[in-house]
Amino acid sequence: MKHVIIGSGAAGIAAAKTIRSINKNNEITIVSSDDIIYSRCMLHKYTGNERDITKLSFVPDDFFSANNITWHNSKYVTGVDTENNRILLHDKTLSSYDQLLIATGLETIIPNVGELKTATNVYGFRNLTDAKAIREKAIDIEKVLIIGARLVGLDVAHALLKLNKTVTIVDTASQIMPLNLDAVAADVYQKLFEKNGCNFRLNSKISGTISNEKGEITHVTLETGEKLACDMVIVATGVQSSVKFLDGSKIVYERGIKVDQHLRTSCKNVYAAGSVIAIGGVWSCAVRQGEVAAKNMCGIDATFTDTFTAKNAMHFFDLPTISLGLTTPADGDVVYINKNANCYQKIILRNNHAVGAILQNNINYIGIWQYLIKNQINLSNIKKSIWDISFADFYDIDEKGQYKYKQP
């Protein structure tokens with residue numbers, strides 16, 4: 001049995017590990033455009049010189065040899081022939097498979113505004129190639145303009161501020177990190193970024209660009225008419241599933257590759273996992289999907305139904321924050337807020353079930369809220385203050401010292 005995995009990120013590596021744990025002899029091949037294994041979560045630390053390239057990997061140095069896995073790195077897949085069970089590589093070579101997993105992740109969408117698509121000093125921030133280019137460019141420039149005040153944009157801004165660059169962030173949203181935080185928690189971070197030299201243009205949209213004779217953007221213009229000078233532009237807004245190589249194949253995809261609960265695609269013997277299927281969006285979710293896909297590729301029935309986002313963790317300027325589930329309540333939801341000079345905590349209940357939490361600075365009780373939200377525990381019988389809830393309210397210890405669930 002030959003298993004081929006396209007992609008060496010969280011889902012692809014998790015799948016390879018799982019296949020090898022199930023079967024010691026099946027052939028495993030990983031094909032990826034990257035030339036090293038690295039965590040995308042650490043790219044901003046590399047950009048900011050906090051880590052060198054050798055500290056980005058999330059597998060041991062001997063991972064491939066120890067697990068008898070063939071790795072074709074720096075290879076681009078240009079097509080998938082599902083009728084003949086083979087993939088076509090950019091060098092015109094073919095690789096056959098019995099079971100195929102597509103785990104190619106996401107790629108940046110460069111807005112079709114001005115010369116953003118053609119300028120030589122515009123970068124995305126999705127892969128190590130982007131991070132290398134930004135890090136190298138940052139040596140000789142001062143002003144950086146980032147499009148997007150989402151988590152990725154703030155990550156790279158934080159890194160560049162540590163390199164003493166002048167950073168301006170533009171976003172159409174009214175607050176930073178709108179998918180991760182509410183307005184209160186976001187405002188705390190925005191003030192910290194501003195204190196450290198970052199400029200924001202929120203509720204703002206880029207309408208055009210101005211370039212020099214070298215094809216580099218020197219200014220972006222906003223719809224208000226304001227011009228913002230820059231030596232480099234980083235796009236940290238829209239992303240799309242990396243599926244261009246599937247054009248002409250019979251594998252169905254829209255926003256992401258279509259899969260069933262077994263992570264099977266529309267074609268026999270082809271599976272997909274990770275960001276490329278647009279379900280979930282964090283590292284832990286991609287790992288679980290890789291494991292489920294791998295089990296099915298080995299003939300073990302497994303389903304992926306857990307789309308709960310484990311957590312969105314941020315740690316800017318020594319201020320830790322974690323958000324779970326919803327950050328904005330709907331009509332009828334009950335909201336509890338604990339706010340003082342040292343922390344901000346917010347819990348959202350819907351029909352006596354926790355559906356969202358934000359803990360800023362004091363994150364000690366994140367474990368219990370993750371458990372309650374993920375497992376949809378009914379809290380109607382809890383009589384104590386919501387801030388005093390602990391695992392002891394849901395578990396007893398039996399005579400063998402084992403935890404036993406009890407309905408509160």
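The values are calculated or read from the model by the stated rules, or taken from the named source; none is laboratory data. Computed from a predicted structure; not experimentally measured. All Cβ positions, even for glycine, are placed from backbone atoms using ideal geometry, and neighbour counts span all protein chains on display.
Computed values, structure above
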| item | result |
| --- | --- |
| Residue in the stretch 85-94 that is surrounded by 15 or more Cβ atoms within 10 Å (Cβ to Cβ), charged (D, E, K, R) and either out of contact with any helix residue (DSSP H, G or I) (no Cβ under 9 Å at 6 or more places or on another chain) or farther than 21 Å from N127 by Cα (or both) present | yes |
| In the stretch 115-151, residue surrounded by the fewest Cβ atoms within 10 Å (Cβ to Cβ) [restricted to those that are assigned to a strand (DSSP E or B) and not aromatic (F, W, Y)] | K143 |
| Residue count, the stretch 327-356 (criterion: acidic (D, E) and either closer than 25 Å to D155 by Cα or surrounded by 14 or more Cβ atoms within 10 Å (Cβ to Cβ) (or both)) | 1 |
| Flag if T108 is more than 21 Å from A10 (Cα to Cα) and either touching a helix residue (DSSP H, G or I) at 6+ places or on another chain (Cβ under 7 Å) or buried (at least 19 other Cβ atoms within 10 Å of the Cβ) (or both) | no |
| Any hit, the stretch 183-191, residues being hydroxyl-bearing (S, T, Y) and surrounded by fewer than 17 Cβ atoms within 10 Å (Cβ to Cβ) | no |
| Checklist (1) in contact with a strand residue (DSSP E or B) (Cβ under 8 Å, 6 or more places away or on another chain); (2) assigned to a loop (DSSP other than H, G, I, E, B); (3) over 26 Å from T328 (Cβ atoms) applied to S207, failing item | (2) |
| Selection count, the stretch 98-107, where residues are of a type outside the set (A, V, I, L, M, F, W, C) and touching a Ser or Thr at 6+ places or on another chain (Cβ under 8 Å) | 3 |
| All positions within the stretch 372-397 that are outside any loop (DSSP other than H, G, I, E, B), over 31 Å from the mean Cα position of the chain (by Cα) and either β-branched (V, I, T) or not assigned by TED's automatic domain parsing to the domain that holds Q345 (or both) | I397 |
| Considering residues of the stretch 195-215 that are under 24 Å from K137 (Cβ atoms), surrounded by fewer than 17 Cβ atoms within 10 Å (Cβ to Cβ) and of a type in the set (D, E, K, R) only, the residue nearest to the chain's Cα centre (by Cα) | K214 |
| Selected residue (criterion: surrounded by the most Cβ atoms within 10 Å (Cβ to Cβ)) from residues of the stretch 284-321 that are in contact with a helix residue (DSSP H, G or I) (Cβ under 8 Å, 6 or more places away or on another chain) and of a type in the set (V, I, T) | T321 |
| Residue count for the stretch 252-281, restricted to those that are surrounded by fewer than 20 Cβ atoms within 10 Å (Cβ to Cβ), within 21 Å of M297 (Cβ to Cβ) and not polar (S, T, N, Q) | 10 |
| Unmet criterion (only one of (1) in a loop (DSSP other than H, G, I, E, B); (2) of a type outside the set (V, I, T); (3) surrounded by 21 or more Cβ atoms within 10 Å (Cβ to Cβ)) for L324 | (1) |
| Flag for I363 being touching a Pro at 6+ places or on another chain (Cβ under 9 Å) and touching a residue at least 24 places away in the same chain (Cβ under 8 Å) | yes |
| Flag if A313 is out of contact with any Leu (no Cβ under 6 Å at 6 or more places or on another chain) and not assigned by TED's automatic domain parsing to the domain that holds N85 | yes |
